[in-house]
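Quick notes on the structure that follows.
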């Protein structure tokens with residue numbers, strides 16, 4: 001495959017071992033990325049996710065219904081050549097992490113933030129032997145450099161494929177800590193997504209929802225959960 005085609009042209013999509021990992025073949029022809037690189041992934045589980053997406057296509061191909069394929073393409077065509085830049089973008093979230101900035105009032109929101117985010121702060125303190133500093137309000141104050149360095153070191157250890165998934169976990173949630181907790185399986189991805197939405201859901205309860213905002217939220221949630229699924233398939 002050299003770029004997206006409009007109509008289905010194959011009967012079978014199969015996972016095939018190859019040098020460097022696994023690929024997916026369509027009637028015996030190995031997939032390629034849009035940049036025409038071989039689409040080779042590290043695990044059979046991830047290759048199976050990709051194959052499932054191709055098997056599920058109808059007469060007209062819908063690229064939006066193929067998140068694992070798109071993520072694998074990005075890992076190979078984009079992240080592989082820009083890993084340091086992607087790492088920098090992601091780790092920047094750590095110095096202004098969502099879970100470290102708390103409301104002063106009302107009491108109901110303060111309590112919800114504490115219930116959702118204090119366990120994440122505790123997890124981070126245990127894992128990195130340094131407790132993130134929690135602020136009241138939204139004015140930025142830096143985290144200790146030693147903590148930021150430890151967080152960054154974990155991000156730098158990720159492979160290109162893992163980093164591709166991790167980017168969406170962090171960008172969609174707005175939290176480096178939530179992203180790292182997802183990788184650590186601290187809680188189910190759905191619960192961690194909910195933790196990222198505490199403030200927004202409280203505001204919706206007070207003022208009601210907006211149809212366009214709801215659509216955007218659903219899209220972001222889908223991206224977060226798909227990224228988690230992609231990452232965990234790399235561990236199988």
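The values are calculated or read from the model by the stated rules, or taken from the named source; none is laboratory data. Only a predicted model underlies this, so the values are computations on that prediction, with no experimental measurement involved. Note that each Cβ is placed from the backbone with ideal geometry, even for glycine, and that neighbours are counted across all protein chains shown.
Picking from 13, 44, which residue would you name as being in contact (Cβ under 8 Å) with a residue 60 or more places away in the chain and in contact with a strand residue (DSSP E or B) (Cβ under 6 Å, 6 or more places away or on another chain)? The conditions single out 44. Of note, residue 62 satisfies the criterion of being modelled with pLDDT under 95 and closer than 20 Å to residue 227 by Cβ.
Within the stretch 197-216, does at least one residue satisfy the condition of being buried (at least 17 other Cβ atoms within 10 Å of the Cβ), assigned to a helix (DSSP H, G or I) and either without any contact (Cβ under 8 Å) to a residue 40 or more places away in the chain or under 15 Å from the mean Cα position of the chain (by Cα) (or both)? No: the stretch 197-216 contains no residue that is buried (at least 17 other Cβ atoms within 10 Å of the Cβ), assigned to a helix (DSSP H, G or I) and either without any contact (Cβ under 8 Å) to a residue 40 or more places away in the chain or under 15 Å from the mean Cα position of the chain (by Cα) (or both).
Within the stretch 49-67, the set of residues being in a helix (DSSP H, G or I) and free of Cβ contacts under 8 Å to residues at least 60 places away in the same chain comprises 50, 51, 52, 53, 54, 55, 63, 64, 65.
To keep it simple, each residue is scored yes or no on (1) crowded, with 16+ Cβ neighbours inside 10 Å; (2) in the same structural domain as residue 197 (by TED's automatic domain parsing); (3) under 23 Å from residue 191 (Cα atoms).
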site: 87; (1), (2), (3): yes, yes, no
site: 93; (1), (2), (3): yes, yes, yes
site: 98; (1), (2), (3): yes, yes, yes
site: 104; (1), (2), (3): no, yes, no
site: 107; (1), (2), (3): no, yes, yes
site: 116; (1), (2), (3): yes, yes, yes
site: 122; (1), (2), (3): no, yes, yes
site: 126; (1), (2), (3): no, yes, yes
site: 134; (1), (2), (3): no, yes, yes
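Look at (1) surrounded by 13 or more Cβ atoms within 10 Å (Cβ to Cβ); (2) under 17 Å from residue 232 (Cα atoms) and you find that residue 147 fails only one, number (2).
For the stretch 148-186, residues that are at positive phi and in contact (Cβ under 8 Å) with a residue 60 or more places away in the chain total 1. Scanning the stretch 30-42 for residues that are part of a loop (DSSP other than H, G, I, E, B) and closer than 12 Å to residue 19 by Cα gives 39, 40, 42.
Across the stretch 68-102, the number of residues qualifying as in contact (Cβ under 8 Å) with a residue 40 or more places away in the chain and either part of a helix (DSSP H, G or I) or in contact with a strand residue (DSSP E or B) (Cβ under 8 Å, 6 or more places away or on another chain) (or both) comes to 23.
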